[in-house]
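One structure below.
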């Protein structure tokens, strides 16, 4: 068969097995687990990978809920990334159009990772089917990547050099648009500072007390003064996670503060983190306290790969938008009514191309569509987005690219109950299966077209020439907060 016929067969495989992958996504939705605690999800995926005929490795890189399933032999080796962690406090009943938690205060899949992992599994299974039937050389590996929302599983794997074995990596993310992801984003690090002092009665014996809360407050003041002296691309966020109690007449002996340090480039985030460490030391000296520094996680900035982006886009267009039905539009309209009028999805700053922006506005009917049932024009850009993702760490070690697929209404707030409510819908399943087909087709291109893979590698070599600065410290271990 021709490459196109092979890709059509892979898409047909996804369609034929759609109930299997939808059941996986729904099972993960039914069992939301926080970052690095995804034991049910990891066990389910390993079971399904074995059922599908993959060779499974568990506890990858020493991480309890990381794993991979591989099939094939020799090169090229193409990795397909899957995620499956949920978010705290976002429990919500499926299909509900107003806040209605399944478990009050419980977790929920407010970023669609129940779909992300299952869609990637569908892609890997379709590629395996192609390799098996054609006898073509090459290897496909599905990676179960825990802790994207907190814990940076892929970055810990990057520290171990895992991604260097790949010739390329591809992934996707549920979204309100169908398009290729492009551009770059922030690198970041997270460190918890646990201050210890000496307790005392705040009135009767304050001179013998040493306040850990004072140290936290002085550290925060020090960081405020640092802000003037860091470059404009940097950001520093913090949360006081332990104030030492609620009694004002006690000198607090324990207090903790969690810091997140961001910069456009990973090497700059690592350097800025050291300055924040110095401020913590100064705060401890000023207050006569001590502190424990606990490294939590870190992620690198994302390196785009325009070559793979174009292949993904071509396959996205070839597969086409799913056939949405009345139920999809009705759910989209009902969910859309639960949040304020949205604007066109912030594309102007990313695209920087007036013609493409104009076309986007036309397709979205100037932002009024409840469902983005279209594929906008391709754009590839080095533009900057403010968030962070551990896919960035993969992109520094192998050519990497991603797509987004519509799984919820236009303009839906990120990390919201609305996303959870859509997570088991027909709309969500259609986006997941679309992503599975596009990833499978692109993996087949990368496995069967040496010129495409060579071009992707050449672009990667140029972008990654300065070398990878791993944000994960040498002695750090993944921590589930």
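The values are calculated or read from the model by the stated rules, or taken from the named source; none is laboratory data. Note that this is a predicted model, so its numbers are computed, not measured. With ideal geometry, Cβ positions are generated from the backbone for all residues, glycine too; neighbour counts draw on all protein chains shown.
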Among the numbered criteria (1) surrounded by 15 or more Cβ atoms within 10 Å (Cβ to Cβ); (2) in contact with a helix residue (DSSP H, G or I) (Cβ under 6 Å, 6 or more places away or on another chain); (3) modelled with pLDDT of 95 or more, which one does residue 296 miss?
(2)
Could you say which residue among 82, 112 is buried (at least 21 other Cβ atoms within 10 Å of the Cβ), in contact (Cβ under 8 Å) with a residue 60 or more places away in the chain, on the phi > 0 side of the Ramachandran plot and touching a strand residue (DSSP E or B) at 6+ places or on another chain (Cβ under 6 Å)?
112
Is it the case that region 303-323 has a residue that's free of Cβ contacts under 8 Å to residues at least 24 places away in the same chain, outside the structural domain of residue 449 (by TED's automatic domain parsing) and surrounded by 15 or more Cβ atoms within 10 Å (Cβ to Cβ)?
no
Please pick out the residue among 102, 140, 56, 127 that is in contact with a helix residue (DSSP H, G or I) (Cβ under 6 Å, 6 or more places away or on another chain) and free of Cβ contacts under 8 Å to residues at least 40 places away in the same chain.
56
Being surrounded by fewer than 18 Cβ atoms within 10 Å (Cβ to Cβ) and out of contact with any strand residue (DSSP E or B) (no Cβ under 8 Å at 6 or more places or on another chain) is the filter here, so list the residues in region 246-266 that pass it.
246, 247, 248
Within region 142-161, can you find the residues that are more than 14 Å from the chain's Cα centre (by Cα) and surrounded by fewer than 22 Cβ atoms within 10 Å (Cβ to Cβ)?
159, 160, 161
Collect the residues in region 45-70 that are within 20 Å of the chain's Cα centre (by Cα), closer than 26 Å to residue 130 by Cβ and assigned to a helix (DSSP H, G or I), keeping them in residue-number order.
45, 60
Could you tell me whether residue 155 is touching a helix residue (DSSP H, G or I) at 6+ places or on another chain (Cβ under 8 Å), modelled with pLDDT of 95 or more, assigned to a helix (DSSP H, G or I) and under 24 Å from residue 188 (Cα atoms)?
yes
In region 262-293, residues that are within 30 Å of residue 383 (Cβ to Cβ) and out of contact with any helix residue (DSSP H, G or I) (no Cβ under 9 Å at 6 or more places or on another chain) total 9
The listed residue being modelled with pLDDT of 95 or more, closer than 30 Å to residue 293 by Cβ and out of contact with any helix residue (DSSP H, G or I) (no Cβ under 6 Å at 6 or more places or on another chain), out of 161, 150
161
Just wondering, is there one or more residues in region 90-100 that are in contact with a strand residue (DSSP E or B) (Cβ under 8 Å, 6 or more places away or on another chain) and in a helix (DSSP H, G or I)?
no
Within region 180-199, count every residue that is modelled with pLDDT of 95 or more and either on the phi > 0 side of the Ramachandran plot or not in a strand (DSSP E or B) (or both).
2
Being crowded, with 17+ Cβ neighbours inside 10 Å, in contact with a strand residue (DSSP E or B) (Cβ under 9 Å, 6 or more places away or on another chain), touching a residue at least 60 places away in the same chain (Cβ under 8 Å) and assigned to a helix (DSSP H, G or I): is that true of residue 42 here?
yes
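Taking residue 330, is it surrounded by fewer than 23 Cβ atoms within 10 Å (Cβ to Cβ), more than 21 Å from the chain's Cα centre (by Cα) and under 20 Å from residue 431 (Cβ atoms)?
Details: surrounded by fewer than 23 Cβ atoms within 10 Å (Cβ to Cβ): yes; more than 21 Å from the chain's Cα centre (by Cα): yes; under 20 Å from residue 431 (Cβ atoms): yes.
So residue 330 fits the description; yes.
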Could you please find all residues in region 366-405 being more than 16 Å from the chain's Cα centre (by Cα) and within 24 Å of residue 436 (Cβ to Cβ)?
371, 372, 373, 374, 375, 376, 377, 378, 379, 380, 398, 399
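Condition check ((1) crowded, with 18+ Cβ neighbours inside 10 Å; (2) not assigned by TED's automatic domain parsing to the domain that holds residue 435) across all residues:
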{"position": "175", "(1), (2)": "yes, no"}
{"position": "178", "(1), (2)": "yes, no"}
{"position": "194", "(1), (2)": "yes, yes"}
{"position": "198", "(1), (2)": "no, yes"}
{"position": "206", "(1), (2)": "no, yes"}
If I go through region 282-327 residue by residue, how many of them are more than 15 Å from residue 172 (Cβ to Cβ), assigned to a helix (DSSP H, G or I) and in contact with a strand residue (DSSP E or B) (Cβ under 7 Å, 6 or more places away or on another chain)?
2
Among the residues in region 17-37, are any touching a residue at least 24 places away in the same chain (Cβ under 8 Å), touching a helix residue (DSSP H, G or I) at 6+ places or on another chain (Cβ under 6 Å), part of a helix (DSSP H, G or I) and farther than 25 Å from residue 390 by Cα?
yes
Restricting region 208-232 to residues that are under 25 Å from residue 272 (Cβ atoms), in contact with a strand residue (DSSP E or B) (Cβ under 8 Å, 6 or more places away or on another chain) and free of Cβ contacts under 8 Å to residues at least 40 places away in the same chain, the residue that is surrounded by the most Cβ atoms within 10 Å (Cβ to Cβ):
220
Please indicate, with yes or no, whether at least one residue in region 210-227 is touching a helix residue (DSSP H, G or I) at 6+ places or on another chain (Cβ under 9 Å), outside the structural domain of residue 388 (by TED's automatic domain parsing) and in a loop (DSSP other than H, G, I, E, B).
yes
